[in-house]
Amino acid sequence: MKRAYSPKEIAAKKWVTLPWGEKWSKPFGFPAVNASWFISGASAQGKSSFVMQLGKELCKYGTVLYMSYEERVNQSFQRRMGYLQMNEVQGKFRVATEDTYEELVARLRKPKSPKFVIVDSFQVAKDGAGFSYEKAVELMRRFPKKCFIYVSQEKKSAPLGSDALRLRYISDMKVRVMGYKAYCLGRSIGEAGSYYVVWKDGLIQTSNGL
């Protein structure tokens, strides 16, 4: 018979949380270092910039592996890395574009493997790298000390595909990017009504109807 936890045991559990500053804690609280993230958003809303800004911040707490399945390393990806000054996290931030699911598992089994893994996007990884809802869950259970961040395309304001919808439900941190703002939809949230500003100039243009 599998173990069942008592209220006392649950209350006694301790979590190592991200010790980040107010810019991040105000909208997102202090999630566990190994919390799972699900980030969605429509095209041209600031999602890709937010994901890379999050990746850069996480480099303060461990190495980050960015699985760029959707964009690979194209011009827009290069420009984004430039204006976000990703050279500042040289040695802590790595980008891969072609790993299959099995190859990613092999990479993560190595000593000193990345602590944070960004899969962008889940839909392209599913079509071309052998991912699925079940395998995404398997990754999180197989490497419980690592943080997995799944980035999702949207259709009609919802994650694209049933696997993505299921993955959002079980993720600890649910974030939606709209109009250059990133909102935390639960489960660990900061101040009510707060959001992370992805691109200030874009936010001003959107607010002015430009």
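The values are calculated or read from the model by the stated rules, or taken from the named source; none is laboratory data. As the structure is a computational prediction, the values presented were derived from the model and not from experiment. In this analysis, Cβ positions are derived from the backbone assuming ideal geometry, glycine residues included, and neighbour counts consider all displayed protein chains. All accessible areas refer to the heavy atoms of the entire protein, side chains included, with ligands and DNA or RNA removed. Shrake-Rupley method; radii C 1.70, N 1.55, O 1.52, S 1.80 Å.
Taking the inverse of the average 1/r across all pairs of different Cα atoms in the range 46-118, what Kirkwood radius in Å do you get?
Kirkwood radius, the range 46-118: 12.6 Å.
Please work out the FRET efficiency for the pair residue 142 and residue 191, using the Cβ-Cβ distance as r and a Förster radius of 35 Å; give the result to the nearest 0.05.
About 0.50, to the nearest 0.05.
Using the Cα centre of the chain as the reference point, and only Cβ charges (+1 on K/R, -1 on D/E), how large is the resulting charge dipole? Debye, rounded to the nearest 20.
The dipole of the chain has a size of about 740 debye.
Toward the positive end of the charge dipole of the chain, about the Cα centre and with charges on Cβ (Lys, Arg +1; Asp, Glu -1), which of 67, 137, 89 goes farthest?
Working it through, the farthest residue towards the positive pole turns out to be 137.
Normalising by the residue count of the chain, find the relative contact order in percent from Cα pairs under 8 Å and 6+ residues apart.
Once divided by the residue count of the chain, the mean separation gives 31 percent.
Would you work out if the range 56-195 is rounded, prolate or oblate? Take a ≥ b ≥ c from the square roots of the eigenvalues of the alpha-carbon gyration tensor; rounded if a/c is under 1.5, else prolate when a/b is larger than b/c, oblate otherwise.
It is rounded, given that a/c, with a ≥ b ≥ c, falls under 1.5.
Accessible area of the chain with a 1.4 Å probe: how many percent of it is carbon plus sulfur?
52 percent
Write down the accessible area per residue of the chain in Å², having rolled a 1.4 Å probe over the full set of protein chains.
56 Å²
Looking only at 12, 96, 192, which one moves most when the chain is put into a Gaussian network model with springs between Cα atoms under 10 Å?
12
Hey, what number do you get for the chain at 222 nm if only DSSP H runs of n ≥ 4 count, each worth -39500 (n - 2.57), divided across all residues, to the nearest 500?
-10000 deg cm²/dmol
Can you list the lysines whose alpha carbon sits under 21 Å from that of residue 2, skipping same-chain ones fewer than 8 residues off?
Result set, ordered by chain and number: 13.
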